[in-house]
1. Expected output is a single nm value to one decimal: the length gained when fully extending between Asn124 and Gln157, i.e. 0.36 nm times separation in residues minus the C-alpha distance. What is it?
2. Scan around Gly56 for amide H atoms under 5 Å from its own, H built in the peptide plane at 1.01 Å from N, and keep only partners 5 or more places away or cross-chain.
3. Highest mean first, how do 35-41, 63-69 rank when packing is the count of other Cβ atoms within 10 Å averaged over residues?
4. For the pair Asn104 and Thr38, what calculated FRET efficiency results from E = 1/(1 + (r/R0)^6), where r is the Cβ-Cβ distance and R0 = 22 Å, to the nearest 0.05?
5. Can you list the HN-Hα couplings for the range 39-53, worked out from phi with the Karplus curve (6.51, -1.76, 1.60; θ = phi - 60°), rounded to whole Hz and with x for Gly and Pro?
6. Once you place label points 7 Å from the Cα toward the Cβ at His20 and Lys77, how far apart are they in nm?
7. Checking the table Lys91/Lys113; Lys51/Lys134; Lys33/Lys126; Lys51/Lys91; Lys51/Lys126 against a 22 Å threshold on Cα-Cα, which pairs fail?
8. To two decimal places, what compactness ratio does the range 27-158 give when its Cα radius of gyration is scaled by 2.2 N^0.38 Å?
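Computed from the coordinates by the stated procedures, all read-outs in this text should not be read as laboratory data. Computed from a prediction, not measured in an experiment: that's the story for all the values here. Cβ sites come from the backbone with ideal geometry, for glycine too, and all protein chains shown count toward neighbours.
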Amino acid sequence: MTIKVLFAGIALLTAANIAHAEMATCPAVSSIKATPYTDPDLPPDFNQGFKYEAPGPGGQMWEGQSTATSETYLEPKYNLMLVSAEMIHGKILCSYGGTTQRENAEPVNNVSKPYVQLGLPFNNPKAATGTAWKGTSCGNQGGAVSIDASQCTFEYQP
């Protein structure tokens, strides 16, 4: 009898743990911080860029990087905004785009097209009810139209 009660208690605790889900969204642009970054695996003309971090749930950090750029893309002139989110292999990828900047220069013009992607692994992520997720994608894949982060809210197991 004691063993049956013990197993019933364990099953109940397991079911309660499975049913509990947390909600999260991609980080706000204002929470993203950039630090200089060098990728040792790329040639010298392309290995300089920035590492990006933003606070995530449970003390984790969203992370990403860009190379071959001298701009963080966090400057106001880029008007960086969330454009899409994806669920890939237990990881959420948040993509940010913004206003392309063109500068006349010799011998060629400089064009800076902002793009930042942050990722963070989650346990069993899935679309939250009532959001804009379509399968494993949310937002404007490959587009530059901003989306409200709340439309890409997702659930995960802590």
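1. 11.3 nm
2. Long-range HN contacts for Gly56: Met61, Trp62.
3. Working: 35-41: 10.1, 63-69: 16.1.
Top to bottom by mean Cβ count within 10 Å: 63-69, 35-41.
4. Step by step, r from the Cβ atoms, then E = 0.15.
5. My calculation for the range 39-53 gives 8, x, 8, 10, x, x, 6, 10, 8, 8, x, 9, 9, 10, 9 Hz in order.
6. Roughly 4.9 nm, to one decimal.
7. From Lys91/Lys113; Lys51/Lys134; Lys33/Lys126; Lys51/Lys91; Lys51/Lys126, over 22 Å: Lys91/Lys113; Lys51/Lys134; Lys33/Lys126; Lys51/Lys126.
8. 1.13
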